[in-house]
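Read through the structure below, which is laid out as structure tokens, and then see the notes.
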Amino acid sequence: MTEHVMKQTDQVSTWYPPHPPRVETDVYVRSHRSMTVDQNLPCWACGITHADIIGKTTPNIAPGLAMETHHFWAEDAFTGEGQGDGGIFWPRVMADHPAFDWAGSGFVLADPATWKYFVDSPFNLQVLCSACHRAAKSVPHWLAGLPDPKRGGLVWPVDAGVIGIHHASYPEYRDQRHNRPDVPPFRVPAGQPVIVVPPHILIPQVTL
Ligand SMILES: [Zn+2]
């Protein structure tokens, strides 16, 4: 088994429903602020927070880096954005997510103006930094060359990078959250020892 590079060039054409000029709904503004500022939730992929950006806690934090919220289960642009039918088959979404308070949220299947109560709710939003959200090619990880306290103090390589969910393949995006920082991302040589980190470092509630 040898390390190998896989290069992939895809061209994808996606039709977007016509939509009015984009405006943030009141539900979105409330959800976004609550998640990124009030709760200071970390970027799902790289772990940076609003407080890290404001405090500029590492030299890698590029000007313009911001906390964003990604429409995860249903993309805003495909829903009609309150102005039309969009392209979402809502009964499928509703069946997939019985834990969401469909009736209590204000969502009414027959009224597209109310779909924001799901689309822009914290349930459908994932906190990402702008790099892990929209970077079209790899940009420096905010902890490149630095220890990661949430990964047992292991040090990220100086060339660690991140790429946005709107551009990465799903497996590559997803495992940015999971990759081990003591080797360049995903480049684990044969025979590299498995990392042993006490679980409580990652999951404070764990009971053994
Ligand atoms: Zn990030």
Those residues of region 59-89 which are of a type in the set (Asp, Glu) and modelled with pLDDT of 95 or more, in sequence order:
68
Go through region 66-89 and count every residue that is surrounded by 19 or more Cβ atoms within 10 Å (Cβ to Cβ) and within 15 Å of the ligand (Cβ to nearest atom).
4
Of (1) at pLDDT below 95; (2) surrounded by 13 or more Cβ atoms within 10 Å (Cβ to Cβ), residue 206 satisfies all except one. Which?
(2)
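From the list 103, 113, which one is free of Cβ contacts under 8 Å to residues at least 60 places away in the same chain, within 15 Å of residue 19 (Cα to Cα) and either surrounded by 14 or more Cβ atoms within 10 Å (Cβ to Cβ) or small (Gly, Ala, Ser) (or both)? Please lay out each step first, then the result.
Working: 103 fails: within 15 Å of residue 19 (Cα to Cα).
Being free of Cβ contacts under 8 Å to residues at least 60 places away in the same chain, within 15 Å of residue 19 (Cα to Cα) and either surrounded by 14 or more Cβ atoms within 10 Å (Cβ to Cβ) or small (Gly, Ala, Ser) (or both) holds for just one of 103, 113, which is 113.
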Within region 90-141, which residues are in contact with a Phe, Trp or Tyr (Cβ under 7 Å, 6 or more places away or on another chain) and within 16 Å of the ligand (Cβ to nearest atom)?
125, 126, 127, 128, 141
What are the residues in region 1-58 that are within 20 Å of residue 165 (Cβ to Cβ), at pLDDT 95 or above and among the acidic types (Asp, Glu), if any?
52
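Return the residue satisfying two criteria in turn: it lies in region 9-39 and is of a type in the set (S, T, N, Q) and over 27 Å from residue 169 (Cα atoms), and of such residues it is nearest to the ligand (Cβ to nearest atom).
If we filter region 9-39 for residues that are of a type in the set (S, T, N, Q), which is where we start, we get 9, 11, 13-14, 25, 31, 34, 36, 39.
Next, from what is left, pick out any that are over 27 Å from residue 169 (Cα atoms): 25, 34, 39.
Working: 25: 24, 34: 19, 39: 16 Å.
Per the stated criteria, the residue is 39.
Just to check your reading of the model, which residue among 115, 102, 142 is aromatic (Phe, Trp, Tyr), closer than 30 Å to residue 49 by Cα and in contact with a strand residue (DSSP E or B) (Cβ under 8 Å, 6 or more places away or on another chain)?
Details: 115 fails: in contact with a strand residue (DSSP E or B) (Cβ under 8 Å, 6 or more places away or on another chain); 102 fails: in contact with a strand residue (DSSP E or B) (Cβ under 8 Å, 6 or more places away or on another chain).
Exactly one residue qualifies, and that residue is 142.
The values are calculated or read from the model by the stated rules, or taken from the named source; none is laboratory data. All of these numbers come straight from a predicted model, not from anything done at the bench. All Cβ positions, even for glycine, are placed from backbone atoms using ideal geometry, and neighbour counts span all protein chains on display.
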